[in-house]
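Structure first, then comments.
The values are calculated or read from the model by the stated rules, or taken from the named source; none is laboratory data. Everything quoted here is computed from the prediction, not taken from an experiment. Here the Cβ is made from the backbone with ideal geometry for all residues, glycine too, and neighbour counts use every protein chain on show.
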Amino acid sequence: MFPSVLPTYNRAPLTFVKGEGSWLVEADGRRFLDMGAGIAVNALGHAHPALIAALTEQAGKLWHTSNLYNIPQQQALADKLVDATFADTVFFTNSGTESCELAVKMARKYFYEKGQPDRIGIVAFEGAFHGRSHAAIAAAGSEKMVKGFGPLLPGFTQVAWGDHDGLHAAITDTTAAILIEPVQGEGGIRPVPDQCLKGLRDLCDEKGILLIFDEVQCGMGRTGKLFAHEWAGVEPDIMMVAKGIGGGVPLGAVLATQDAAGGMTAGTHGSTYGGNPLACAVGTKVMDIVAAPDFLNAVNAKACKLRQGLEGLVASHPDVFEGVRGVGLMIGLKCKVANMDVVTAGYDAGVITVPAADNVVRLLPPLNLSDEEISEALSRLQASAVAIETAIAS
Ligand SMILES: *Cc1c(COP(=O)(O)O)cnc(C)c1O
């Protein structure tokens with residue numbers, strides 16, 4: 001019989017029934033240290049008391065109305081995001097891919113309103129991931145994601161990682177925007193060097209095109225700044241957010257300057273659920289906690305400790321690992337053995353990690369994990385590495 005859940009995922013044989021902070025409990029009672037956090041979604045871990053309180057309080061009052069009416073919870077979160085970032089305005093979505101859709105539409109509409117309707121081109125990068133909608137798969141352009149799904153949405157090109165000449169060649173008089181993750185997530189935790197982000201900003205200014213950052217994975221405190229681009233001191237015109245912003249509730253957003261958002265007038269875009277009271281009540285609480293300077297300082301301190309431990313792990317298991325990379329608590333372990341072997345050995349050792357491209361294992365733990373949990377994660381990763389070495393030797 002065909003599975004009742006569409007089989008688009010190769011799922012691990014794990015069924016989690018409860019989450020407590022940085023821990024997941026399996027149906028059979030085993031406890032796993034969650035260094036994946038639902039792929040950077042559970043920014044504050046599982047069952048955070050303040051988020052439970054925000055959710056249950058709102059759940060008792062009002063879940064959903066419609067964007068036909070004012071939504072104070074949405075207004076509150078938008079105000080906080082605008083205060084804390086480059087942006088003047090925010091549209092709420094339910095996912096990263098929806099944020100990608102709007103970012104692309106917004107960039108094209110910007111030039112349409114400026115009397116340049118032919119400027120529709122979006123220049124993106126190889127190894128990128130922007131979601132699974134037609135615009136998002138066309139932007140990433142990977143064979144695996146686009147094959148079989150009919151004509152590709154036109155107007156997208158991909159430049160190879162670090163190919164400066166290719167980038168300049170890709171920008172033409174029909175280019176509307178450059179779209180980039182400041183730290184590639186699915187692509188294998190590849191941070192874009194600060195000077196390259198600066199160079200992209202300069203190039204966009206020089207050519208009069210828009211710069212779109214996809215901070216769906218690297219944003220919301222993940223790198224130790226509220227948004228990753230702050231490390232480079234450059235600002236985008238449009239930014240996609242999702243994953244961590246809802247702390248586990250489906251929530252995303254597109255942030256933009258007033259200028260870049262200029263074409264998005266009443267009736268040009270919408271969403272039934274986007275920014276509903278329930279999601280925004282939780283998102284506002286996540287934002288209050290994550291955007292606090294002390295919280296971000298703590299993320300950086302934890303990131304230092306974890307990074308140091310991982311450098312040691314890599315050095316003592318040179319047949320398993322090749323190196324560590326990333327920013328803050330967005331860390332990639334480049335593997336010598338197959339990355340899935342490391343992830344699977346982690347399951348046996350009671351630690352959850354997430355595979356990425358380029359044979360990398362990702363660590364995206366809750367941003368508030370404790371120092372003891374960092375030590376525990378390191379010892380469980382150590383046990384995974386030893387198990388792999390033992391298997392290789394026998
Ligand atoms: C996960 C991700 C997306 C897509 O988000 P969904 O919520 O799965 O649609 C887009 N961009 C980046 C960088 C991501 O990591």
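Brief remarks on what is shown
- Verdict on Gly148 being out of contact with any Cys (no Cβ under 6 Å at 6 or more places or on another chain) and of a type outside the set (Asp, Glu): yes
- A search for C-beta distances below 8 Å between a residue of region 49-62 that is outside the structural domain of Val286 (by TED's automatic domain parsing) and at pLDDT below 95 and any residue that is part of a helix (DSSP H, G or I) and of a type outside the set (Gly, Ala, Ser), counting only pairs 6+ apart in sequence or on different chains, returns nothing.
- Among the residues making up region 263-300, those that are within 19 Å of Gln75 (Cβ to Cβ) and of a type in the set (Gly, Ala, Ser) are Ala266, Gly270, Ser271, Gly274, Gly275, Ala279, Ala281, Gly283, Ala291.
- Region 58-117 - residue that is among the small types (Gly, Ala, Ser) and assigned to a loop (DSSP other than H, G, I, E, B) and, of those, surrounded by the most Cβ atoms within 10 Å (Cβ to Cβ): Ala87
- Residues of region 225-250 that are out of contact with any Leu (no Cβ under 6 Å at 6 or more places or on another chain) and either under 25 Å from Glu20 (Cβ atoms) or free of Cβ contacts under 8 Å to residues at least 12 places away in the same chain (or both): Glu230, Ala242, Lys243, Gly244, Gly246, Gly248, Val249, Pro250.
- Residue that is nearest to Ile331 (Cα to Cα), among those in region 25-49 that are within 21 Å of the chain's Cα centre (by Cα) and assigned to a strand (DSSP E or B): Asp34
Yes or no, residue by residue, for (1) crowded, with 17+ Cβ neighbours inside 10 Å; (2) among the charged types (D, E, K, R):
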| site | (1), (2) |
| --- | --- |
| Cys280 | yes, no |
| Leu296 | yes, no |
| Glu322 | no, yes |
| Met330 | yes, no |
| Asn359 | yes, no |
| Ser370 | no, no |
| Glu373 | yes, yes |
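- Just one of the numbered conditions (1) outside any strand (DSSP E or B); (2) under 18 Å from the mean Cα position of the chain (by Cα) is not true of Asn297: (2).
- Subset tally (residues that are touching a residue at least 12 places away in the same chain (Cβ under 8 Å), among the charged types (D, E, K, R) and either more than 8 Å from the ligand (Cβ to nearest atom) or assigned to a helix (DSSP H, G or I) (or both)) for region 127-148: 0
- A count restricted to region 196-248 and to residues that are of a type in the set (A, V, I, L, M, F, W, C) and within 13 Å of the ligand (Cβ to nearest atom) stands at 12.
- Residues satisfying the stated conditions in region 111-126, i.e. within 16 Å of the ligand (Cβ to nearest atom) and under 16 Å from Glu101 (Cβ atoms): Ile122, Ala124
- Ala124 assigned to a strand (DSSP E or B), under 17 Å from Pro236 (Cβ atoms), touching a residue at least 12 places away in the same chain (Cβ under 8 Å) and touching a helix residue (DSSP H, G or I) at 6+ places or on another chain (Cβ under 6 Å): yes
- Residue satisfying condition, being closer than 24 Å to Ser375 by Cβ and exposed (fewer than 11 other Cβ atoms within 10 Å of the Cβ), within set Gly19, Gly36, Gly45, Gly29: Gly29
- Selected residue (criterion: nearest to the chain's Cα centre (by Cα)) from residues of region 123-166 that are surrounded by fewer than 19 Cβ atoms within 10 Å (Cβ to Cβ) and of a type in the set (A, V, I, L, M): Met145
- Output for region 152-162, where each listed residue is of a type outside the set (A, V, I, L, M), part of a loop (DSSP other than H, G, I, E, B) and at pLDDT 95 or above: Pro154, Gly155
This table checks each residue for (1) over 30 Å from Ala383 (Cα atoms); (2) among the aliphatic types (A, V, I, L, M); (3) not assigned by TED's automatic domain parsing to the domain that holds Ala261.
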residue: Ile39; (1), (2), (3): no, yes, yes
residue: Tyr69; (1), (2), (3): yes, no, no
residue: Ala84; (1), (2), (3): yes, yes, no
residue: Thr89; (1), (2), (3): yes, no, no
residue: Glu113; (1), (2), (3): yes, no, no
residue: Gln116; (1), (2), (3): yes, no, no
residue: Gly121; (1), (2), (3): yes, no, no
